[in-house]
Structures are given as structure tokens and as C-alpha cells.
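The values are calculated or read from the model by the stated rules, or taken from the named source; none is laboratory data. What you are looking at is a predicted structure, and each value in this text was computed from that prediction instead of being measured. Cβ placement follows ideal geometry from the backbone for every residue including glycine, while neighbour counts extend to all protein chains displayed. With ligands, DNA and RNA removed, areas are computed over all heavy atoms of the protein, side chains included. Shrake-Rupley method; radii C 1.70, N 1.55, O 1.52, S 1.80 Å.
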Amino acid sequence: PHAFPRVNSTVLPDPSLFFAHSLLSKPLPTNSFFQNFVLKNGDQPEYIHPYLIRSSQSSLTICYPAEVTNSAFIYQAFIQNLTVSTLGLGNPNPNARHVISSINDLSVTLDLPWSNLRFYLVRGCPFVTCHAATGNVSLSISTVHAILEFTSNSHCTKYTLKLNNDQTWFIYASSPIKLSNDTNTITSDAFDGVIRIAALPDSNHPESESVLDRFSSCYPESGDAFFSRPFSLEYKWQKKGWLGDLLMLAHPLHLRLLSESDCSVSILNDFRYKSIDGELVGVVGDSWILKTDPISVSWHSVRGIDEESYAEIIKSLINDVEGLNSSAISTSSSYFYGKLIARAARLVLIAEEVCYPDVIPIIGKFLKDAIEPWLNGTFGTNGFLYDPKWGGLVTVQGSSDSGADFGFGVYNDHHYHLGYFVYAISVLAKIDPAWGRKYKLLAYSLMGDYMNLRRKGKWNSYTRLRCFDLWKLHSWAGGLTEFADGRNQESTSEAVNAYYSASLMGLAYGDSHLVSIGSTLSALEIQAAQTWWHVKEGSSLYPGDFTLNNRVVGVLWANKRDSALWFAPAEWRECRLGIQLLPILPITEALFSDVEFVKQLVKWTWPALSRDGVGEGWRGFAYALQGVYDREGGLENVRSLKGYDDGNSLTNLLWWIYSRGHEEEEEEDGG
């Protein structure tokens, strides 16, 4: 349960406009793959792979999108390929809103109540499944294109639709249905049953039609994900239908993690849909098991530090600790404040690692003085409150100003801000267990806002895994703000920090389950960052021009890849590197484990460092990655810095480079 005072926020949208009444008594998703469906008019599209879906005016539009790309961005263009509704006389309220009637990890159910239509929108399903829920319904399927050809099988249970944009679509019915057409509209007689609609993925591979035929009768109503074991995630779909097995689609990261030895699945390598996330490949089976390589979650560096480097680190450590003064903190921003306390907490762990405990009590006092006002509600100008409308934490400033705290009050960036607080609290609980016991409920209340696993329950104050997308396997930072391209995330490293910090909280409190879940989410977030944000030379995932000009994505959207950042243009490459690296932690080693890519990224970034006005803090991050493969060069550059990012320090940079070991030399010696 939450442990913060309640507030009636003045900036949040009304969830009762779109969610079924039965869902309103529970915490609701705020950073979800379907979020556009419940914001403003609910009529912006969402990417439900492999289709863009838009619901508007008692109709649902399906688009199998084409990519638009150049060296700066990639996006998928929404076109009204097919729009499903009912004939006018059957719908007395054609402007009525849709209703979200069911929510699951991998799916959402969208109802058009005045049309008696229910859509099972299941991610990775090559079919859009529509149930004419009650009574007889006369369907209308329209298109902005011209219908060139429209034919049916002998049973009137499958229709083939060829359009003048070179697309071919199939309409399958659970029982015979009579459809007729004109230039751009198809209509039906009264029908009661299930309709499934699918695009032919590639006109050059007509054999895909036989695959769709074979699996057209079995459909998923919903899908959920389960953490069955550490570093493992199981998908289970609730299937219905009248024949056969379930056909779904896997994105590239799914395919890397899919454990065929642990589940009964068949991969159809020749059955593929195009996608901005990489080709989606057919997988047959209603249960998948995904396994990621385990990562080590530890307080200290994985490789350790040579004693010869202790003196330099300790000298810097003493200087950084002397600068700590909680009463001198000028920011009231939950984000920047979180970075400051996490920066101080890093100094504790570095002090432990270099065997210099003398400074730890000083840092501990700073952390107590800085953290307790936020937990006790005595900070004054800001603090955490509980919003019962959607079910989550907001800040005092964010509860009345949607732009305050980078939109924290409308559920933007929760894992970023809270991850820093959770890190600092975990370190303090480690060095002062009595303090940790006193503040455990409040500590778990902060962590639970983005880490809650429960689907339901009396004490369930938060939505399930607020930011983490269990199908894409990474987080979304964008909250309750309508965007044409869906949710977005800029910094993957801050997302990793959130789950890593939750694991540390588990270590501090002896909570093995929290350690396991936090570690698993960290591992998945890292894999996703390396798949979709890290752009390696020669990679074929993205189009050639984009790959040639980018080593990291700036902002990744559900339906777009942008080279620019929220706060900086694409040309500021040092910012693009830095925002995917900060904060520098032991787990950063796993995030940037590919040394060859690190070299590519630093080489790509380096020319930007000669630009006038480059911040010292951003330089520091480039030098930190240089230190991965060029220890002496990185150290020399770090020592020359005149300033540091507000979440970083010279001590942390020295610790990072000295803890890289001598990998290059070892490889050469063994060569």
C-alpha cells in the first residue's frame, strides 16, 4: 500500500470517460501501449504490432503501415487502410466513445458499445479480431483506397480484398457471412460471430496466405506475462476459436530470448511482417518462455579496483564529501534532487570499495538530512502525494502544474525520478539498518509506484509495472499526454537504474523476490537498449541512411525513431551519448558490454566535443566510455574536467575507469 497523503490533482484527465466502470476501482495504466485510447478524444492511433489502430466515432481503423525514413528519423505513416463500423441504422449514437473493458499485460479489449462490436487487440497478432458481441450486426468495412478485386471462398467464410495501393487483405468469419462491395466500401447482412482481418504481409510471398488460412480459426482474447523464474518471462494467451493452434508474431528481441527447449512453439521463419522494430516473425504456440542472460547486481564494481589507484580516488572522495551540504541544495525538482542524493550515495559505496570508511558517517548524515523531508512530507516546496484517480504518486508541484517536475504529475518519467530516490534510500538502509527499518514502508511506497507486480488485491495502490512494457521488454517514460506516435523513452540508462536500484533495495532489506524481479527487469531493459537504442555500424535493423548517421537513437517512440532529444538537437552528440549512459554505476558495465560498439559510439561523438559551449558534464560521459578501451586516455581527459554532471563526480569517474581493469592488455597477452 502507499504511505503518502492523498491529493485531488487538478491536471489529470478523467479516466471514467473511457474505462469500463468495473475497472475504475483499480489503479489504472498510465504509461501503456494503448494510452492514446484513453486520452482527450481517444482518437490518436496506437501501434498494436503489426498494425496501427485508431478508434474514432464508433469505428476502428486498421493500418498496415509503410515506413518513412531519412537520416534524422524513421516513422510509420498512418493511412486508413480499412475502417470497421456498423451500418448507420444499426448505430443510434455514431459519435459515441469507445470503452476499454479489459486490460492485460499483452492486450487490451476495446468495445464500441453502440455498435455491439468488441475488438480483441492483442499485441503481435497478425489478425485484428472483432466479435459482434450481441444480436445481429450489419458490418461496414470502408477504405480510402479503391477496391480492385473482392472475392470469396465457396463457404463465404473467407474474402480476399485487393486494393489499389498494392495491399491485399483477408476477411475471415466464424460462420458464413454475405458481403458485398462498391468502389471503397464493403457491407454485410446481419451477422453474429467473429470476424478476423489480416493483411498479406508481402505480395512477393503469396505462400503467406496459406499460413493465415491455416491459423485463422484460433484467436487470442487476451495475453499475460508471468515471472516464473529469475531472468525468465512466460507469455500465456487465452485463446478461443473453433480449430487449430495460435499464430502470433515475435519481434527481434523475442526471437533472441525465446527458449524453444522450454515451451512447445514452432517458428515460421518465412512468415514475416515488416515493422519499425524489425521484422516480426511468426511463432505458433499459446505459451512462450523468454530467457535472458543473467546479470550480476552488486553494490560494488564487478571487477574490483587495483590498490594502486586507491590514493587518487580517496583524494577525490575527500574533496567531494567536503562539498556535501544538505541545507545548500537549491533545487526543489524531484528529478534533479534525486540525482543529487544518488550522487552522494555513490560516494558511500566507492568509499567502501577503496577501504576508506572515515567519510561514510558524514555522507550518511547528508543523506538522512536530504531524504527524510521528502519521506516525512516536511520538505515544504515539494514532496510526494498519492493520486487516487489513476493510482500512483505525484509531486506537490506536479499536482497543480502538468509541466512541473518534467511532467511527473501526469506520470511522465516516474522510473527516472523515483529510481534515484530508491538508489539513495537503499544505500542509506544498507549502512544504517535501523534507519532502514524505520522508513521501510515509505521506501517501499516509492519503489512500488513503478515496481508493483500485483494485478489486483485489497492493498493494491499502484498499477502493475507502471513503466515497463512486457511485450516490447523495455520501459516507456511518457505518461498521460497524447502523442501521435504513442509512448516514448529517451534515457535507457536511467530506466536500467530504476530496476537496478529496486534490486539494491531488495538486497538492503533481505527481500530476495525484489532482487530477482529487479534484476530480471534490468537485464531485459539492457537487452532492449542494445537492440533498439544502440545503433551499431552495419546493422540492418534500421534503414541505411539512419544507421549511417546515428550510433544512438535520441528518443524512441512506439511509432517513431528520432535522432533529436527532448532537450537538445541531434547534432549535440555528446548529449545523446550521455543521456544513454548516466548515471554511471556497476551495472553500466552490462549496458555497455560491447567494447567494439563503445569504440564506435565514442568515435561518432568525438567531433561534437570541439563545438563551442559543450558542457563539462557531457564531456565527462564521453571520457568515461573512452576509458573502457583507453584507460590512460580516459583518465587524462577526466582529470582535466572543470565540472561534472549534477549526478556525477570526479570520484565516480575515477572509480569507473579504474574498475575497467586491463581487458585490452589481457586480450593482447592471451592473443
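Largest first, the residues Lys158, Lys368 sort by 1.4 Å accessible area into Lys368, Lys158.
Across Glu308, Glu537, the residue with the most accessible area heads the list, and the full order at a 1.4 Å probe is Glu308, Glu537. Rolling a 1.4 Å probe over the protein heavy atoms gives the stretch 1-48 an accessible area of 42 Å² per residue. Legend: calculated FRET efficiency, Lys642 to Thr378, from the Cβ-Cβ distance at R0 = 45 Å, rounded to 0.05, equals 0.80.
In the context of the full protein assembly, Leu453 retains an accessible surface of approximately 40 Å², using a probe radius of 1.4 Å and ignoring ligands and nucleic acids.
Calculated on C-alpha atoms, the gyration radius of the stretch 43-103 divided by its Kirkwood radius gives an Rg/Rh of 1.08. Along the Cα-to-C-beta direction of Asp545, a point sits 7 Å from the Cα; which residues of the stretch 73-87 have their amide N less than 16 Å from that point? Flagged as within label range: 73-77. Computed with a 1.4 Å probe on the full set of protein chains, the accessible area for Arg573 sits at about 70 Å². Placing a label point 7 Å from the Cα of Trp299 along the Cα-to-Cβ direction, the residues of the stretch 321-358 whose backbone N falls under 20 Å of that point are 321, 341-358.
Solvent-accessible area of Asp14, all protein chains in place: 70 Å² (probe radius 1.4 Å, heavy atoms, ligands and nucleic acids excluded). Subtracting the Cα-Cα distance of Leu87 and Glu260 from 0.36 nm times their residue separation leaves 57.7 nm of extension gain.
Hey, with R₀ at 45 Å, roughly what FRET efficiency would Asn153 and Trp566 work out to, going by the Cβ-Cβ distance, to 0.05? Calculated value: 0.30. For a paramagnetic label modelled at 7 Å from the Cα of Gln80 toward its Cβ, which residues of the stretch 182-213 fall within the zone defined by backbone nitrogen distances under 16 Å? Counting backbone N atoms under 16 Å from the label point, the list is 182-187.
For the stretch 219-346, the Stokes-Einstein estimate of translational diffusion at 37 °C and a viscosity of 0.692 mPa s comes to 167 µm²/s, using the Kirkwood hydrodynamic radius over alpha-carbon pairs.
Under the simplified labelling scheme, the Glu308-Ser175 pair shows an inter-label distance of 8.2 nm, with each label point 7 Å from Cα along Cα→Cβ.
Give me the 1.4 Å probe accessible area per residue for the stretch 307-659, excluding ligands and nucleic acids, in Å². Counting only protein heavy atoms, the per-residue value for the stretch 307-659 is 32 Å². Rolling a 1.4 Å probe over the protein heavy atoms of the stretch 31-291, with every protein chain left in place, gives an accessible area that is 46 percent carbon and sulfur.
With the dipole of the stretch 307-659 worked out from charges on the C-beta (+1 for Lys and Arg, -1 for Asp and Glu) around the Cα centre, which of Asn319, Gly391, Leu442 lies farthest toward the positive end? It is Gly391, whose Cα lies furthest towards the positive end.
Only one item in (i) 43, 32, 25; (ii) 47, 28, 21; (iii) 46, 36, 26 matches semi-axes √(5λ) of the Cα gyration tensor in Å derived from the coordinates shown, and that item is (ii). With every protein chain in place and a 1.4 angstrom probe, the accessible-area ranking of Thr183, Thr481, Thr30, largest first, reads Thr183, Thr481, Thr30. Checking the a/c ratio against 1.5 first, then a/b against b/c, what shape does the Cα gyration tensor give for the stretch 307-659? Note, shape of the stretch 307-659 comes out oblate. With the helix formula -39500 (n - 2.57) applied to DSSP H stretches of n ≥ 4, the chain reaches a computed 222 nm mean residue ellipticity of -9000 deg cm²/dmol.
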